[in-house]
Amino acid sequence: MDEFITERRARQDALWPTCQLLPGITKLVEHLAKHKIPMAVATGSIRRNYNLKAVHHPELFDLFEGKVICGDHPRLKGLGKPRPDIFLLAAELLGRKVGEGDVSSLDAEGAEGKALIEERARGLVLEDSTNGLEAGQRAGMKTIWVPDEKLRALAPNETYGADCILESLEQFKPEEWGLPPYNS
């Protein structure tokens, strides 16, 4: 087993730097940065792998100003997506007061719970995985699913509760989500 893991890691390490950006992501991130819209990366990848993937795209990832939460963050305690914690940590990193735990555990009748629910609902999660989509929903944030076409083909009619499904980020219209339109 150790030999398999060692070989897999070596193969992945050779491939991580070849990861391509999703079509439309550069336009979107540059647009949000231009308009000073707070944004963060919340990835299930461990920091080491994230760094290997991101290092050859500094023009994009530098726009996040270091606001990155990886799956091995100590506060996640090894519990990643579909738990909402990674998105809640990302929101905290952006200076938002969102509390902890699943949105369903918040007291929607109390003033504090209501405020946390409203603050969480201001968040927008762009996800390619079903676990990440569920994590965003459990965080109480709006979710856009941009699945790989092979994943989508497995269940073409399934929405997994996404607020929106896009075939590509090139289809994203910021103004539909309360953000400045691209032409501004």
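Tabulate in residue order the Karplus-calculated ³J(HN,Hα) for segment 165-170, using 6.51 cos²θ - 1.76 cosθ + 1.60 with θ = phi - 60°, rounded to whole Hz; enter x for Gly and Pro.
Per-residue couplings from phi come out as 10, 10, 6, 7, 5, 5 Hz.
Could you give the dipole magnitude of segment 54-184 about its Cα centre, charging the beta-carbon of Lys and Arg +1 and that of Asp and Glu -1, in debye to the nearest 20?
In total the dipole reaches around 260 debye.
Pulled fully out, how much extra length does the chain show between N183 and K27, if you take 0.36 nm times their separation in residues and subtract their Cα-Cα distance?
Length gained, N183 through K27: 55.0 nm.
Show the residues, 5+ positions off or on another chain, whose built amide H is closer than 5 Å to the amide H of D102.
Counting only residues 5 or more places away or on other chains, the set is empty.
Rank L52, L88, A111 by how far each Cα sits towards the positive end of the charge dipole of segment 27-184 (+1 on Lys, Arg Cβ; -1 on Asp, Glu Cβ) and give me just the farthest.
L52
Taking the Cα centre of segment 74-117 as origin, work out the dipole magnitude from +1 charges on Lys and Arg Cβ and -1 charges on Asp and Glu Cβ, in debye rounded to 20.
Taking the Cα centre of segment 74-117 as origin, the dipole is about 260 debye.
Given 0.36 nm per residue, what is the gain on full extension from E158 to E92 after removing their alpha carbon distance, in nm? Kindly include the intermediate steps, with their values, before the conclusion.
On the way: separation 66, 0.36 × 66 = 23.76 nm, distance 3.11 nm.
Additional length available on full extension: 20.6 nm.
Place +1 on the Cβ of every Lys and Arg and -1 on the Cβ of every Asp and Glu in segment 1-153, take the dipole about the Cα centre, and give the residue among M1, W16, I37 whose Cα lies farthest towards its positive end.
I37
Based on DSSP H runs of at least 4 residues, each adding -39500 (n - 2.57), what is the mean residue ellipticity at 222 nm of the chain after dividing by all its residues, to the nearest 500 deg cm²/dmol?
Rounded to the nearest 500, the figure is -11000 deg cm²/dmol.
Reachable aspartates and glutamates from K150, Cα under 16 Å, same-chain residues fewer than 8 places away excluded?
Those aspartates and glutamates meeting the cut-off are E127, D128, E158, E167.
Beyond 21 Å between alpha-carbons counts as too far, so tell me which of K53/K97; K36/K67; K97/K173 fall in that bin. Please report the intermediate quantities before stating the final value.
Values: K53/K97 30 Å; K36/K67 14 Å; K97/K173 27 Å.
Checking Cα-Cα distances, K53/K97; K97/K173 exceed 21 Å.
Any lysines with Cα under 17 Å of the K81 Cα? List them, leaving off those in the same chain fewer than 8 positions away.
Partners found: K142.
If a/c stays under 1.5 just call it rounded; otherwise compare a/b with b/c (prolate if a/b is bigger, oblate if not). Do that for segment 1-91, with a ≥ b ≥ c from the square roots of the Cα gyration tensor eigenvalues.
oblate
Angle between the Cα long axis of helix 2-15 and the longest principal axis of the chain, 0 to 90 degrees, nearest 10?
Taking the Cα atoms of the chain, the angle to 2-15 is about 80 degrees.
Pulled fully out, how much extra length does the chain show between I37 and D128, if you take 0.36 nm times their separation in residues and subtract their Cα-Cα distance? Each step should come with its number before you reach the end.
Numbers: separation 91, 0.36 × 91 = 32.76 nm, distance 2.12 nm.
My answer for the length gained is 30.6 nm.
At R0 = 35 Å, how high is the FRET efficiency between E176 and L151 if r is their beta carbon distance? Nearest 0.05 is fine.
Values: r = 23 Å, r/R0 = 0.67.
Once the sixth-power term is evaluated, E becomes 0.90.
Hey, rough spin-label estimate for I46 and A10, points 7 angstrom out along Cα→Cβ, what's it come to in nanometres?
1.7
I need to check one value: relative contact order of segment 31-92, counting alpha carbon pairs closer than 8 Å and at least 6 residues apart, in percent.
So the answer I get is 40 percent.
Treating only the Cβ atoms of Lys and Arg (+1) and Asp and Glu (-1) as charged, compute the dipole magnitude of segment 32-90 about its Cα centre; round to the nearest 20 debye.
Around 180 debye, computed over segment 32-90.
To the nearest 10 degrees, how steeply does helix 111-120 sit against the main Cα axis of the chain, on a 0 to 90 scale?
Compared with the principal axis, the helix lies near 40 degrees.
Under the rule a/c < 1.5 gives rounded, and otherwise a/b versus b/c splits prolate from oblate, where does segment 27-184 land using the Cα gyration tensor?
Verdict is rounded for segment 27-184.
Helix 130-139 versus the longest principal axis of the chain: what is the Cα-based angle in degrees, 0 to 90, to the nearest 10?
Rounded to the nearest ten degrees, it is 30.
Computed from the coordinates by the stated procedures, all read-outs in this text should not be read as laboratory data. Keep in mind that what you see is a predicted model, and the values were worked out from it rather than measured. Cβ: placed from backbone, ideal geometry, glycine included. Neighbour counts: every protein chain shown.
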